[in-house]
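The values are calculated or read from the model by the stated rules, or taken from the named source; none is laboratory data. Just so we're clear, the structure is a prediction, and the values are computed from it rather than from any experiment. Ideal geometry is used to build each Cβ from the backbone, glycine not excepted, and the neighbour counts take in all protein chains shown. Note: areas computed on protein heavy atoms with side chains; ligands, DNA, RNA excluded. Shrake-Rupley method; radii C 1.70, N 1.55, O 1.52, S 1.80 Å.
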Amino acid sequence: LHNDNYTTRDFVVAVLREVFHKSETDAVVIMMHVHNHGIGVAGVYTFDVAQTKIRRTEQLAREHEFPLRLSMEPEDD
């Protein structure tokens, strides 16, 4: 997840709970990390699962008129 100045904290927490199946506590911790550091990890998934979660999140962000950005990176071995 990438931080921006427009997407609300509540929306990010909601996405982390709904799309990434995080608990409220974990979602808030991830959101605050992204807020404070500019970027954070929502989870580690196979390529197809990660791609699906990114698409779903970006669709929700568009529907709510937020510019939330996500990216996918290969896991370090």
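May I ask you to give the percent of accessible area on the chain that is carbon plus sulfur, with a probe radius of 1.4 Å? Kindly include the intermediate steps, with their values, before the conclusion.
Details: 2680 of 5400 Å².
Carbon and sulfur together cover 50 percent of it.
Could you compute the longest span of the chain free of GluC sites (Glu not before Pro) located in DSSP loops and having at most 10 other Cβ atoms within 10 Å, not counting the site residues? Working shown, then result.
Values: sites that count: 65, 75.
The answer is 1-64.
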Read through the labelled values (1) 4.8; (2) 5.1; (3) 5.8 and report the label of the one computed as mean projected area of the Cα convex hull in nm² from the structure. (1)
Quote to one decimal, in nm, the extra length available between residue 41 and residue 56 on full extension: 0.36 nm per residue of separation minus the C-alpha distance between them. 3.8 nm
In nm, to one decimal, how far is the modelled label at residue 29 from the one at residue 73, with both set 7 Å along Cα→Cβ? 2.0
Counting other Cβ atoms within 10 Å, keep those with at most 15, restrict to DSSP loop, and tell me which chymotrypsin sites (Phe, Trp or Tyr not before Pro) in region 1-32 are left. 6
Residues meeting the amide H criterion for residue 69 (H placed from the backbone, H to H distance under 5 Å, 5 or more places apart or on another chain) are 2
Distance (nanometres) between label positions extended 7 Å along Cα→Cβ at residue 65 and residue 8: 1.3
